[in-house]
Structures are given as structure tokens and as C-alpha cells.
1. Filter the range 228-246 down to residues that are more than 21 Å from the chain's Cα centre (by Cα) and within 18 Å of Leu6 (Cβ to Cβ) and give me whichever is farthest from the ligand (Cβ to nearest atom).
2. Is it the case that some residue within the range 187-197 is closer than 30 Å to Gly300 by Cα, open to solvent by less than 50 Å² (accessible area, probe 1.4 Å) and touching a Gly at 6+ places or on another chain (Cβ under 9 Å)?
3. So which pairs qualify, if the first residue must be in the range 176-201 and over 14 Å from Ile140 (Cα atoms), the second must be assigned to a helix (DSSP H, G or I) and within 13 Å of the ligand (Cβ to nearest atom), the Cβ gap must be under 8 Å, and the two must be at least 6 apart or on different chains?
4. Within the range 154-186, count every residue that is under 30 Å from Arg106 (Cα atoms) and either outside the structural domain of Arg129 (by TED's automatic domain parsing) or buried (at least 21 other Cβ atoms within 10 Å of the Cβ) (or both).
5. Only one of (1) over 20 Å from Arg33 (Cβ atoms); (2) within 11 Å of the ligand (Cβ to nearest atom) is not met by Thr259, so which one is it?
6. Of all residues in the range 123-140, which are in a loop (DSSP other than H, G, I, E, B), touching a residue at least 60 places away in the same chain (Cβ under 8 Å) and either open to solvent by 50 Å² or more (accessible area, probe 1.4 Å) or more than 16 Å from the ligand (Cβ to nearest atom) (or both)?
7. Considering Arg333, Arg314, which residue is over 28 Å from Arg86 (Cα atoms) and free of Cβ contacts under 8 Å to residues at least 40 places away in the same chain?
8. Against the condition open to solvent by less than 20 Å² (accessible area, probe 1.4 Å), within 27 Å of Gln277 (Cα to Cα) and assigned to a helix (DSSP H, G or I), how does Gly95 come out, does it pass?
Amino acid sequence: MRALELGFSAVGIASVGPLEARLHYEAWLAAGRHGEMAYLASEKHRRRRAHPEAILRDLQAVVCVALCHDPDRDPGREGRLGRIARYAAGEDYHGVMRDKLRALQRFVRELLPGSRALWYSDTGAILERGWAERAGLGWIGKHSGLISQQFGSWFLLGELLVDRPLEPDPPLAREHCGTCARCLAACPTGAIVGPYQVDARRFSYLTIELRGPIPIELRPLVGDWIFGCDVCQEVCPWNRFAPPAREARLHARALEGWTLERFLGLDEAEFAQLFHQSPIRRAQRSGFLRNVCVALGNRGEPAAASALERALERDPEPLVRSHAAWALGEIARRVKGEEATAGARNPMLAALRRAAETDAAPEVREEARAALSMLNPDEATSFRSGSRQGTPAAPRR
Ligand code: SF4
């Protein structure tokens, strides 16, 4: 089959008709689990998801493809860089899928002269997993991802909407999660609130789509994930024998010489250059460095303190400075004994005090004060009583 020659790992054809996945989607929106992604709840978006014939008139079949994306793993790389969701380790999959789907689109148009075919891959209002499930590519697991008995779940999905009848493939007779519930138990942020129920607000969204601060109660749970999260898939037994990506563009970038601490020195231009054609650009520089601060805070290694102090002093983004303050507080909290309470002699505390007193952004001052008060409740009293300079004389930035 042409789709397999193009490098796709699997292909199936879905018949057209209402999907059960649509009901799940509406319930998910009604529960507000889409977070700040308001576009997902717009009337137009929902209508197109429910009625794909609004996208392609006379829609008669949905060709669904899967492309395995699991890169070669390098634990040393994760130690240096923190953890990045596997789909984001290499080139942006949108470009990879686009090239392959365009080739498949050309093939279908040649095979069926006069036909229309539109491709999608996380590029529009399509119930991708619902169509793939109907096309027999797998079943929707309790973590809400699609799982194949043959490939596990480390794969990307794409679709070709076609206005000609094509012989559909049968869906699987049943799902194969059975009594397993490993993904629910393993999710570090409790985002899988029940079987097939994922709350995006506590999910990969935190490190990718969220533009503001990561809620303080969730930061310790994020661990050292700096872009996305794969825990539910890592524990899934169906991934034990999942094949690696054959597509070289999806293999992990080396990022030789880079470390979490070094990421904190990236300016806008350097960030754009380093992550050119990488999914990581979606987090934007401020969101990515926010994530790096949280990872360093959770690791709690004193060796990261000077890079965080520099970020707290100099980063132009309050979002980064406020998370650097939180991370310094976490590290200082773990430094035992006299060093932790050595006052002015401790550069971490000195940096936090300067930020608490003089940072131009109120949210940074608040984060620094909160970090100091965690270390020493008397500090909070002194800020409240005004014995320190509670408001800055002049903005530093
Ligand atoms: S971990 Fe278990 S319950 Fe979760 S998706 Fe995999 S098989 Fe299903």
C-alpha cells in the first residue's frame, strides 16, 4: 500500500458517520478540562469536529495513518537537559507529517481523478483518535491516547478526508486495557482523573500551552519535565515492544554541550535558533525557561543556584524571574544546616531578598517573599511590617 511505502507505520480507512468520541469531547469541554485553550470550545471548532462534512463537502471516507516517533533514548541527555516528551525530541512532526500526507494526497488524487482530498495532522478540528479507532488502528486507552497492539502508543496520527467511497476497515472488536490502571496511578500530576478522563489543566499543557505561571501546588509534581510528559505511556505495558522511529527527522537532536543551567542564558534570538523546526518553540522562550526553572528547583542541586540567581537578577521576563525565585527557594530549603540560614552570606538568600525588595514586577516580589518566608517565617513578618523596603523605590527594568 502506498501509505506504507511513504514510511507510515500503519494505515486504515474509516467509514463516515457520527463518532462516539464526539460525546467524550463535549463532556470534556463541559467539565472545563481544556484550560486556557478557549478555541477548542468555540462554536465553529465544535461544529467542524462533529460534522467533518463541513470541512469537505461530500465526505465519504477518512484515511487514517500512524507514524511511529519513538526516538533513540539517551539517559545521559535527559540528565543534562531534563525530560522532553518523546514526540518533541526531533524535528517538529507537523512538517514531517505534512510532507508524507501531501504525497499521499497526490497519490489519491491521481488514483481517483477529479476527487478531493484534504489532509490533517493536529492541524484542525478533527477527532483524530476517534477516526483512527474506527479505522481499526487501535483503541483509545484509559489515558485517552490511541494504542495499537502492534505498535504501542508512540506514534503520531494523520488523516486524509476523501470525497469518494473507499472500502472501510473494521474497528477492533474490543479494547485491550482490561483491568490495567497503571497510567492512572502513575500520572505525576493526577491529570488522568478517571479512565478515559484527562484534565488538560494538569497535563502536558502545563509546560506547553500555558502562558502564565505554573500553579505553585503543581510545580513539585512536574519533576524535571521541561516540555510535555510521557509518564502514562512509559508505564503502559503495550509499549514494552514498541518499535523505534524509522523516520530520521524524528530522531532526537543531540543538543551537545547544552544543560538546563545553560538554557537559562538563552535570549529570544538564540532560543529561536536553537529550537528552529522543533516543537519546543511552541512553549515560547518565556514558557520554556519557566519550565527549566521548575525542573532545577525540583532537582534541588545547589550547583544550579548561580544560573538561577542570574536569571532572577537579569531575565527580562517576570515569568522567568518569578519561577527562578521559586526554584532558588526550593534549593535553599534543601541545603542543610548553617548554610541555609547564613543570611547575607548565602548568595541565594541575598538574591531572593534583593528581588523581594526591588524587583519591578509585583509577582516576582511576591514569589521571592514567599520563598523567603518558607525558609524563615520571620522574613514574611519583616516584609509585612515594613522593616524592609516592601516597595521598590524605582523599577529596575
Ligand atoms: S497503562 Fe494500562 S490502562 Fe493505561 S492505557 Fe496502558 S493498558 Fe490501558
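The values are calculated or read from the model by the stated rules, or taken from the named source; none is laboratory data. These numbers come from a predicted model, not from an experiment. Cβ atoms come from the backbone with ideal geometry, glycine included; neighbour counts cover every protein chain shown. What goes into the accessible areas is simple: the full protein's heavy atoms, side chains included, and nothing from ligands, DNA or RNA. Shrake-Rupley method; radii C 1.70, N 1.55, O 1.52, S 1.80 Å.
1. Looking at residues that are more than 21 Å from the chain's Cα centre (by Cα) and within 18 Å of Leu6 (Cβ to Cβ), I get Arg246.
2. The answer is yes, given that some residue of the range 187-197 is closer than 30 Å to Gly300 by Cα, open to solvent by less than 50 Å² (accessible area, probe 1.4 Å) and touching a Gly at 6+ places or on another chain (Cβ under 9 Å).
3. Listed pairs, sorted by first residue: Arg182/Pro237; Ala186/Val231; Ala186/Cys232; Ala186/Glu234; Cys187/Val231; Cys187/Cys232; Pro188/Val231.
4. 9
5. (2)
6. Selection gives Gly124, Ala125, Ile126, Leu127, Ala135, Gly136.
7. On the way: Arg333 fails: free of Cβ contacts under 8 Å to residues at least 40 places away in the same chain.
Sole residue among the options that is over 28 Å from Arg86 (Cα atoms) and free of Cβ contacts under 8 Å to residues at least 40 places away in the same chain: Arg314.
8. Numbers: open to solvent by less than 20 Å² (accessible area, probe 1.4 Å): yes; within 27 Å of Gln277 (Cα to Cα): yes; assigned to a helix (DSSP H, G or I): yes.
Criteria met by Gly95.
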